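Working notes, beginning with the structure itself.
No lab work stands behind these numbers, since they all come straight from the coordinates. The structure displayed is predicted, hence computed values, not measured ones. Neighbour counts are summed over all protein chains in view; Cβ atoms, including those assigned to glycine, are modelled from backbone coordinates with ideal geometry.
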Amino acid sequence: MLSVRPRIAELVFQVYGRSLHPELFQVHRSRRVERGGYQVNVQITNAGHVVAWQYDGMMLTEVAASAHHPLPQRRRLMSHRLKDKCSDGLECRGGITYHVDFSLEPIAREMFWTYQKELAELGTREGLLHCFEPSARFGLGALSYVNVHSRDRSLKIQAFHTFPDDYAIVKSQSVFTLPEK
């Protein structure tokens, strides 16, 4: 299956207070985790990732996707263009919190290939990894690596998406925290 990244300038990071229809995304890898009363489904998609987190009837869905991707407006809680650095968060009912930090980092050509190789090696040992088809410009394709750290009262998702045509990496770290009992 051919899988190529959209242009980096087209990327957005969004969070919804609802689930999103699975047919909206071309999923390459996925993992489901259940722990401490919450469930999470993590997916690597063409443009980035989808994290669907559910606890006690509440659903939060984090999406890194193309701005041209047909995503709904209803119950969208957060939306940012993926550029530079950003930090944002939500306080939800019942004391649940969500916090995200993400950045778009241009990297020198030599360092980019070293970084991509290290992510690929890490992905063979842990987390989710998907290697994309190369564009016409380069012989090596982009990759996405997502690592899931689950605890009984919290979940941390670290995602790395490389863009060889731009020598850039999108990094994000999201933390879902349950209230103290």
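Take the Cα atoms of segment 10-177, find their three principal axes, and give me the spread along each one in whole Å, biggest first.
48, 33, 29
Once you charge only the Cβ atoms, +1 for Lys and Arg and -1 for Asp and Glu, what is the size of the charge dipole of segment 3-82 about its Cα centre, to the nearest 20 debye?
120
Give the residue from Ala159, Leu122, Leu20 lying farthest towards the positive end of the charge dipole for the chain; charges sit on Cβ (+1 for Lys and Arg, -1 for Asp and Glu) and the dipole is referred to the Cα centre.
In the chain, that residue is Leu20.
Sort out for me the Cα centre separation of segment 166-181 from segment 61-82, rounded to whole Å.
What the calculation gives is 16 Å, centre to centre.
Explain nothing, just compute: Karplus ³J(HN,Hα) = 6.51 cos²θ - 1.76 cosθ + 1.60, θ = phi - 60°, for every residue of segment 18-26 in order, whole Hz, x for Gly and Pro.
Ordered by residue, 3J(HN,Hα) equals 6, 7, 10, 4, x, 6, 6, 10, 8 Hz.
Using packing as a proxy for protection, rank 58-66, 97-105 so that the peptide with the highest average count of other Cβ atoms within 10 Å comes first.
Ranked by mean Cβ neighbours within 10 Å, highest first: 58-66, 97-105.
Taking amide H atoms as placed 1.01 Å from N in the peptide plane, list the residues 5 or more away in sequence, or in a different chain, whose amide H sits under 5 Å from that of Ala168.
Here the answer is Ile107, Phe163, since their amide H atoms fall under 5 Å of that of Ala168.
Mind giving me the nanometre distance, one decimal, between the label points for Leu24 and Ala120, set 7 Å out from Cα along Cα→Cβ?
In this crude label model, Leu24 to Ala120 measures out at 3.2 nm.
Per DSSP H run of n ≥ 4, the term is -39500 (n - 2.57); total these for the chain, divide by its residue number, and report the mean residue ellipticity at 222 nm rounded to 500 deg cm²/dmol.
-3000 deg cm²/dmol
Hey, got the dipole for segment 88-170? About the Cα centre, +1 on K and R Cβ, -1 on D and E Cβ, debye to the nearest 20?
240
Among 39-49, 115-125, how do they line up by average Cβ neighbours within 10 Å per residue, starting with the highest?
Put in order of decreasing packing, that is 39-49, 115-125.
Between Arg81 and Asp152, how high is the FRET efficiency from 1/(1 + (r/R0)^6) when r is the Cβ-Cβ distance and R₀ = 30 Å? Nearest 0.05.
Rounded to the nearest 0.05, the efficiency is 0.30.
Provide the per-residue ³J(HN,Hα) series for segment 164-175, in order, calculated from phi with Karplus coefficients 6.51, -1.76, 1.60 and θ = phi - 60°, each as a whole number of Hz, with x at glycine and proline positions.
Going residue by residue, I get x, 4, 10, 6, 9, 10, 9, 10, 9, 9, 10, 10 Hz, with x marking Gly and Pro.
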